[in-house]
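Data first, discussion second: the structure below is written as structure tokens.
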Amino acid sequence: MKIQKYVAPNMPEAMKKIRAELGNDAVILHSKVIYTGGFLGLFKKRNIEVLAAIDPSISDTPIPPQTKNREVRNSVLIKEPSSRIEPINQAGSSIANKEKKISDFPDIAKQLDEINQNVQAFGERSNNVSFSIPTPIKNVVNQLDKQEINEMIKARLVKDLVAKWYAAGEDVLDVHVFKWAQAFLLAEISPYSFGEVSLSKKYINVIGPTGVGKTTTLAKIAANIILKQKKTVGFITTDTYRIGAIEQLKTYANILDVPLEVCYSMEDFEHATKKLKDCDVILIDTAGRNFRNKKYVEDLMQVVDYKREMETLLVLSMTAKQKDLEEIYKQFSAINIDSFVFTKLDETSSYGAMINLIVTCKKGVAYMTTGQNVPDDIVPATPLELVNKIIEVDEE
């Protein structure tokens, strides 16, 4: 028996080589996926290694072909290596006549484990190592870096793209990889709630640090409730610290023709809720102060009755640093936060912090705002709208 090893980019190319050298009576003894090049075992070039032979003892009686299996290991989908002796016909298809187990090829499992370990380490090394990865995946990684997606999310996304890349084989376009990336991010954030307040609760409480646009956001929400949902609205403000805060909200209240109550204590709050009991919705504006001061949150809980049926929105500015946003959430987490509101999207070109916070804090987004105009510069958040700000797909 004459035995020869062949390496080719794919099985059809390997078949051509085998037929050219050994003829159409050759049989495949063994085939497997191999990888060459790359860095630390990651993102190597994919090839097929085939062991073929001329074996005149193989019967000419055809045996029905069997469905090829796929082996999924560590979430990386790789075609299972051939585990049969397969004669080749004129069309290059294979006919099975001998079964082997995947355990006969322990090197495959070892190889997949190595790939998985290196992908998991990607997040720790990605800022310091230039990987030899397929160009479309590299383009996605560059986009994620620009948007400041955190390393753990990025590592999982790259692992997902690698799996799809090798499973898809040839003819993968940039647009396909970018759509895979979009789908991954959508799957990451879709489990959480998105969209404007449901009005299932009478009280809507807006909290956040100073300067993020809480009062303007509150006015935008109120205007939408009044104009679109035809509900009556009342304002309560506890923001008695900032100069002009009460006057600002009073101006909005006059324009929208809604009542406003100012509260300095829990007693004031109880009195205000009684005066506004006939309103369908009561919107509560809170003071914005230094978020690093834990006493600020404690003071909020001394004025606002959080035991009531209340939906609480944490307002965050996209111009803030990721670390500060995480610290803000941590400080305010003593209050039951239902959703985020992201403001000042028009003042930045980096939106990755939104994805990072949704995934790490496990909270959805009610609104996104882009300016000072009431009620125009606010939109109900959707997962697709948010992901499109991170990754744009060029269909051309």
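The values are calculated or read from the model by the stated rules, or taken from the named source; none is laboratory data. Quick caveat: nothing in here was measured; it's all calculated off a predicted structure. We place every Cβ from the backbone using ideal geometry, glycine too, and count neighbours over all the protein chains shown. Protein only, heavy atoms only, side chains kept; ligands, DNA and RNA dropped before computing areas. Shrake-Rupley method; radii C 1.70, N 1.55, O 1.52, S 1.80 Å.
So here's what we get for this one:
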quantity: For residue 222: the one exception among (1) closer than 12 Å to residue 256 by Cβ; (2) within 30 Å of the chain's Cα centre (by Cα); calculated: (2)
quantity: Residue check, residue 144 assigned to a helix (DSSP H, G or I), open to solvent by less than 40 Å² (accessible area, probe 1.4 Å) and in contact (Cβ under 8 Å) with a residue 60 or more places away in the chain; calculated: yes
quantity: Subset of region 147-158 that is open to solvent by 40 Å² or more (accessible area, probe 1.4 Å), assigned to a helix (DSSP H, G or I) and charged (D, E, K, R) - its residue that is farthest from residue 325 (Cα to Cα); calculated: 156
quantity: Residues located in region 197-206, provided they are among the hydrophobic types (A, V, I, L, M, F, W, C) and open to solvent by less than 20 Å² (accessible area, probe 1.4 Å); calculated: 197, 204, 206
quantity: Residue within region 333-352 that is open to solvent by 40 Å² or more (accessible area, probe 1.4 Å), under 30 Å from residue 137 (Cβ atoms) and part of a helix (DSSP H, G or I) present; calculated: no
quantity: Looking only at region 159-177, and only at residues there that are in contact with a helix residue (DSSP H, G or I) (Cβ under 6 Å, 6 or more places away or on another chain) and of a type outside the set (A, V, I, L, M), the one that is surrounded by the most Cβ atoms within 10 Å (Cβ to Cβ); calculated: 159
quantity: Extreme residue, modelled with the highest pLDDT, among residues of region 163-191 that are assigned to a loop (DSSP other than H, G, I, E, B) and among the aliphatic types (A, V, I, L, M); calculated: 173
quantity: Near pairs, Cβ below 7 angstrom, 6+ apart or cross-chain, from region 192-217 (among the aliphatic types (A, V, I, L, M)) to any residue that is in a loop (DSSP other than H, G, I, E, B); calculated: 199/229; 199/231; 204/197; 206/286; 207/286; 207/335; 212/288
quantity: Region 342-363, residues that are within 23 Å of residue 205 (Cβ to Cβ) and touching a Gly at 6+ places or on another chain (Cβ under 8 Å); calculated: 343, 344, 358
quantity: Residues located in region 364-391, provided they are in contact with a strand residue (DSSP E or B) (Cβ under 6 Å, 6 or more places away or on another chain), open to solvent by 20 Å² or more (accessible area, probe 1.4 Å) and assigned to a loop (DSSP other than H, G, I, E, B); calculated: 377, 382
quantity: Test: residue in region 169-188 that is without any contact (Cβ under 8 Å) to a residue 60 or more places away in the chain, among the β-branched types (Val, Ile, Thr) and over 17 Å from residue 352 (Cα atoms); calculated: yes
quantity: Elements of type strands (runs of 3 or more DSSP E) contained in region 207-321, each with 2 or more residues being modelled with pLDDT of 85 or more and open to solvent by 20 Å² or more (accessible area, probe 1.4 Å); calculated: 260-262
